[in-house]
Every structure is written in C-alpha cells, then in structure tokens.
Amino acid sequence: MKMNRLALACGAAMLGLSSIAAAEVSTNIGVTSNYIWRGLTQTGNTTALSGGFDWSGETGLYAGTWLSEAWDDYELDLYGGYAGEMGDFGYDVGLIYYTYSADAESNFLELAVGGSWQFLSAGLNYVVSAEDAVEVVEEDLYYYLGASFDLPQDFSLGVTVGFVEPDGDGDDDFEDYTHYQVDLSKAVGDFGDVTLSLSDTDLDDTDAAGEDSDMRFFLSWSKGF
C-alpha cells in the first residue's frame, strides 16, 4: 500500500488561489513481481500492476489515490494529510482509507504518523475504523523503523523493520509478528527506478491468509511523471 497519506480537510478551506495555482500534480505507475505489504503477499506471490495520482500544495497539504491489483480484486487507497520539515527533521500526519472493489467488508481506515531525521525514519499506523474484515480490525497497530543510504552510480539501499500488533479481537490465527525488508534500488533516468527487495517475517509457517511466509525476493519497477 502506498505512502501514509490522506487529506486534512480543516486546512483545505484556508488555501488561497495563489496556493492552488502553485500546487503540483503528479502521477506514477509501477509493476512488481510480488505485491508485499508489511511482509505479507497481497497477490498470492504473483505480479501486480499499480498506478496513482498525487496532489501537493505549497502549504504542506497533500492528497492522492493509488490503485493496485490485489488477490483477485483491486485495491484503491485514498490518502492525504500534512507534511513538513523543521531543519533536518521531517514529519507527516494523515489518514489512509484502503478500499477493495469486490469486498467492501474489507475496507478500513488508518491514522498514520511518520517522522524522519537525516537517513533515519520511523512511523506508526493505527486502525481507526474497519468493516468486517477478518485480518484487520479496529485498534490494530503497526509501527516501523527504517534507514536509507545513497550509494554510488545512482544506487540506494533501504532497510525496514516493522511490527504488527492486532488488538486481539480479530481472527485467532492473526498473531503479532515482525517483518524485515531490504531494498536495493537503481535510478535509471527517464526509465524510472528498479528495485530488488528481500522480505521476511518471524511467522512460523504461513501468514494470516494461509500463504507461505518464508523469505521472498521480488523485483519492482516504478516511474513518476
């Protein structure tokens, strides 16, 4: 699922015509050999196409949408919020609404708070509300730590450790777990970015959806416009 973002409506009314004129709109497309979200496959270990639109204003407000294949369905994320910087420290507060075209009972809303300092990042996601989804229920918690490093020849390296903590009222098979991911990316100019990723969890045999939770390698490509 895309970045942790969804609109803060209270600030939108304060945007003047000059801010709207200075706003930026961008699009993105991508494909991956395996859609992995928080260490778990969302496509049964098969490929997924994705794309989205983003709007950002000079005040720090932003909003966007992102669509991807997921299982035998389509996932549409609606998000936005407010992001800014104070010296070397960056911050981002917003909401994300995850929707599914064929299974509205799996829709859920998360509050997302993130921060960054130089090459380090951290964040927390909290499920504010959820429909009758089996794996995701209200008050589920996810938090993560990350680091990113620029390498020679337009390569970059990212490392993420995330922790999933269900509130205990959902499906009994959905347990606490930790996931780990390493991403090696290469910027190829007008052709976008290519990323080779390694993902693993500390789950024993299978994830909450019954999929093999062993270590996975997957390849992704993305491009922004």
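The values are calculated or read from the model by the stated rules, or taken from the named source; none is laboratory data. Note that the structure is a prediction, hence the values are computed from the model and not measured. Reconstructed Cβ throughout: ideal geometry from the backbone, glycine too, with neighbour counts over all protein chains shown. Surface accessibility is based on the protein's heavy atoms, side chains included, excluding ligands, DNA and RNA. Shrake-Rupley method; radii C 1.70, N 1.55, O 1.52, S 1.80 Å.
Sequentially through the range 148-165, phi angles give Karplus couplings (6.51, -1.76, 1.60; θ = phi - 60°) of 9, 9, 7, 10, x, 6, 6, 8, 9, 10, x, 10, 9, 10, x, 10, 10, 10 Hz, Gly and Pro residues having no value and appearing as x. Taking all protein chains as shown and a probe of 1.4 angstrom, F89 keeps an accessible surface of around 80 Å². Karplus-based coupling profile of the range 46-53, in residue order and whole Hz: 10, 6, 8, 9, 8, x, x, 10, with θ = phi - 60° in 6.51 cos²θ - 1.76 cosθ + 1.60 and x standing for Gly or Pro. Averaging 1/r across all pairs of distinct Cα atoms in the range 18-116 and inverting the result yields a Kirkwood radius of 15.0 Å. Please find the FRET efficiency linking A23 to V128, where r is the Cβ-Cβ separation and R0 is fixed at 41 Å, and quote it to the nearest 0.05. Rounded to the nearest 0.05, the efficiency is 0.95.
Each residue of the range 88-95 is assigned a 3J(HN,Hα), and the resulting list reads 7, 9, x, 9, 8, 10, x, 10 Hz, derived from the Karplus form 6.51 cos²θ - 1.76 cosθ + 1.60 (θ = phi - 60°), x at Gly and Pro.
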